[in-house]
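The values are calculated or read from the model by the stated rules, or taken from the named source; none is laboratory data. Everything quoted here is computed from the prediction, not taken from an experiment. So basically every Cβ, Gly included, is an ideal-geometry build from the backbone, and we count neighbours across all protein chains shown.
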Amino acid sequence: MMSTLAHAPSRSPWRSYLLEAKCEFMRMLREPAFGVPVIAFPAMFYLLFGVLLNKGSAGAAQYLLATYGAFGVIGAAMFGFGVTIATDREHGYLRLKRTLAVPPGALLLAKMAMAALFAVIISLLLDVLASILGGVVLAPRQWALLLAVNVLGVLPFAAIGLFFGSLVSGNTAPALLNVLYLPMAFLSGLWLPLSMLPEFLSRLAPIWPAYHLGQLALKVVGHDQGRPAWLHLLALAAVTVLFFVLAQRRLSAAE
Amino acid sequence: MATTSPVLARLRGASRRYGDTVALDGFDLALHAGQVTSLLGANGAGKSTAVGLLLGLLKADAGTVDVLGHAPGSMAARLGTGAMLQSAGIPERLKVRELLDLVRSYAARPRSVADCVALAGLDGLLERRYGRLSGGQQRRVQFALAICGRPRLLCLDEPTTGLDIEARQALWRAIRELVADGSAVLLTTHYLEEAEALSDHVVVIDRGRRVAEGTVAQIRAHVAQRRIRCVTALEAAHVLHWPGVRDAVREGDALRIVADAAEPVVRRLLDADPQLHELEVQRAGLADAFLEITRNAGQEAA
């Protein structure tokens, strides 16, 4: 520790953290196979189901604002982490990083910041669509809470993405993640209210991490199933820790 | 003389296994300041494993690894080390300038962007995306990333694979410049002329063991053979039976002979064919020495 300090008197790790985050964000933004679907799909679905097919129901417009926000954030976090980690691992970028004096955790934090930034973009885009076209009216506190739920929602799904990205190759990762992502979103009530699903499916919904994020977002707009918030937070925290630990184990065993 | 300069990194009795395969077997290597050390060996001889140990990417099963007085892979060791790996996996959508700024930010005293561009030959490439560069240009970017932190130890794992002659020679110039500043360079290569052009010190590795070590001249001296080439009407099959001739092959008008010593064979050639012309005699290159050394090592092992 002392020698590390002695060798690096003038180094500012903050600049590295910032540049690392910028690089992760730029590479995802320039990747059309990521940026376009991750940002456009939640907005498109909202326009379709929350505005065009919605026959003037303020409740549905609010419900879908919350759930498509969660849907978008989950996609950004799972794909942003899963695909890039798989690619970075497969092509040797992680190896190269291990030879460089990267400040601790910089790459992971950078990917986290990248996913959080995408979460903000998705949330704000949905907010604009909801308030202008969907006629959604919320208190300032609710808008802020919804944004906070979405940004923090990055964590558990980043962990899940990281874990699957540590398992499979960069080419396989998108397919595998889609197989998980789309059914999970549907079964968690993110596309349609759970009340419209067959009863046994809606009763199984709490086994999906996406359900808990969806419920937190719905709680902000008053459309959740009424379970306490701490239960959802606990479930999401447990998922985060579990998958980070599993992923860490996989990644350090990779050599 | 040259070997009295300080040792910046060292492997001592280093061993590493992958399952049942022994990749490195009690391997010793010392990298001196201001010297290029070339690690020569066939595919799978253990070159990249040795590099992996120095960079802290792999752990040694036995033996010690010391990098700039620190444990390999520690932050202090990484700060003083630059590396060019065989596959870098650099994100294709990042621009060269973004990559350079990022990697320079890790260093305590980074080289200026202009210096990196000049040393690695990146003129006009800074605003290009990495994925849109040619293979040779990508290698030059990787080299720039390896040197931008002013490393005291530079590990280059087959750096010029895929480079054209001109780019290769530009890279050699840059490496010589770094060595003149007192860096220690480890070079693994398939190209023997590269080792010949750059190395102060050559280590030949075969099946994870060091089989020879010395200057290029010392390694070359392992084979005393000479190559003789001349235009002559003499039959190759005939010359092959002469004492001291190891090999004789016809190439068009010319005859190519490998001999233990040149003088008796040349004398006999001139006697046998007064019309003989375009006589050339060469010392065996590093390539011949290398083949000879690893072949002998193989026979001893068998």
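Tell me, which helices (runs of 4 or more DSSP H) lie completely within the range B:142-234 with 2 or more residues that are over 17 Å from B:LEU39 (Cα atoms)?
Result: B:165-180.
Picking from residues in the range A:58-97 that are crowded, with 23+ Cβ neighbours inside 10 Å and in contact with a Ser or Thr (Cβ under 7 Å, 6 or more places away or on another chain), the one that is farthest from B:ARG78 (Cα to Cα) is A:GLY69. Among the candidates A:ALA217, A:ALA175, A:ALA247, A:ALA144, the residue that is under 14 Å from the mean Cα position of the chain (by Cα), under 22 Å from A:MET114 (Cα atoms) and small (Gly, Ala, Ser) is uniquely A:ALA217.
Yes or no: B:ALA184 aliphatic (A, V, I, L, M), surrounded by 20 or more Cβ atoms within 10 Å (Cβ to Cβ) and either on the phi > 0 side of the Ramachandran plot or under 16 Å from the mean Cα position of the chain (by Cα) (or both)? Yes: the conditions hold for B:ALA184.
May I ask you to say which residue of B:ALA50, B:ALA45 is of a type in the set (A, V, I, L, M, F, W, C), part of a loop (DSSP other than H, G, I, E, B), buried (at least 21 other Cβ atoms within 10 Å of the Cβ) and more than 10 Å from every other protein chain (Cβ to nearest Cβ)? Break it down stepwise before answering.
On the way: B:ALA50 fails: part of a loop (DSSP other than H, G, I, E, B).
Criteria check complete, one pass: B:ALA45.
The number of residues in the range A:207-255 being within 14 Å of another protein chain (Cβ to nearest Cβ) and assigned to a helix (DSSP H, G or I) comes to 2. Among the residues making up the range B:235-248, those that are part of a loop (DSSP other than H, G, I, E, B) and surrounded by 11 or more Cβ atoms within 10 Å (Cβ to Cβ) are B:GLU235, B:LEU240, B:TRP242, B:GLY244. Whenever a residue of the range A:226-255 is closer than 19 Å to A:ALA86 by Cα, its partners that are outside any helix (DSSP H, G or I), lying with C-beta atoms within less than 8 angstrom and at least six residues away or across chains, give the pairs A:GLU255/B:LEU57; A:GLU255/B:LEU58. Of all the listed residues (B:LEU57, B:LEU153, B:LEU85), the sole one being in contact with a strand residue (DSSP E or B) (Cβ under 6 Å, 6 or more places away or on another chain) and modelled with pLDDT under 95 is B:LEU85.
Residues are listed down the side, and each one gets a yes or a no for (1) buried (at least 24 other Cβ atoms within 10 Å of the Cβ); (2) aliphatic (A, V, I, L, M):
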{"residue": "A:PRO174", "(1), (2)": "no, no"}
{"residue": "A:TYR181", "(1), (2)": "no, no"}
{"residue": "A:LEU190", "(1), (2)": "yes, yes"}
{"residue": "A:LEU197", "(1), (2)": "no, yes"}
{"residue": "A:LEU204", "(1), (2)": "no, yes"}
{"residue": "A:ILE207", "(1), (2)": "no, yes"}
{"residue": "A:ALA210", "(1), (2)": "yes, yes"}
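Could you tell me how many of the residues in the range A:81-122 are within 13 Å of another protein chain (Cβ to nearest Cβ) and part of a helix (DSSP H, G or I)? Spell out how you get there, then give the answer.
Narrowing the range A:81-122 to residues within 13 Å of another protein chain (Cβ to nearest Cβ): A:83-107, A:110-111, A:114.
With part of a helix (DSSP H, G or I) added as a condition, the list becomes A:83-91, A:93-99, A:106-107, A:110-111, A:114.
Number of matching residues: 21.
Note on the range B:77-127: residues that are of a type in the set (Val, Ile, Thr) and in a helix (DSSP H, G or I) total 4. Restricting attention to the range A:141-199, the residues that are in contact with a Ser or Thr (Cβ under 9 Å, 6 or more places away or on another chain), within 16 Å of A:ALA86 (Cα to Cα) and in a loop (DSSP other than H, G, I, E, B) add up to 3.
Look at the range B:197-209: where a residue is touching a residue at least 40 places away in the same chain (Cβ under 8 Å) and under 14 Å from B:THR49 (Cβ atoms) and a partner is surrounded by fewer than 22 Cβ atoms within 10 Å (Cβ to Cβ) and acidic (Asp, Glu), sitting 6+ places away or on another chain with Cβ atoms under 9 Å, you get B:VAL203/B:ASP28; B:VAL203/B:GLU213; B:ARG207/B:ASP25; B:GLY208/B:ASP25; B:ARG209/B:ASP25.
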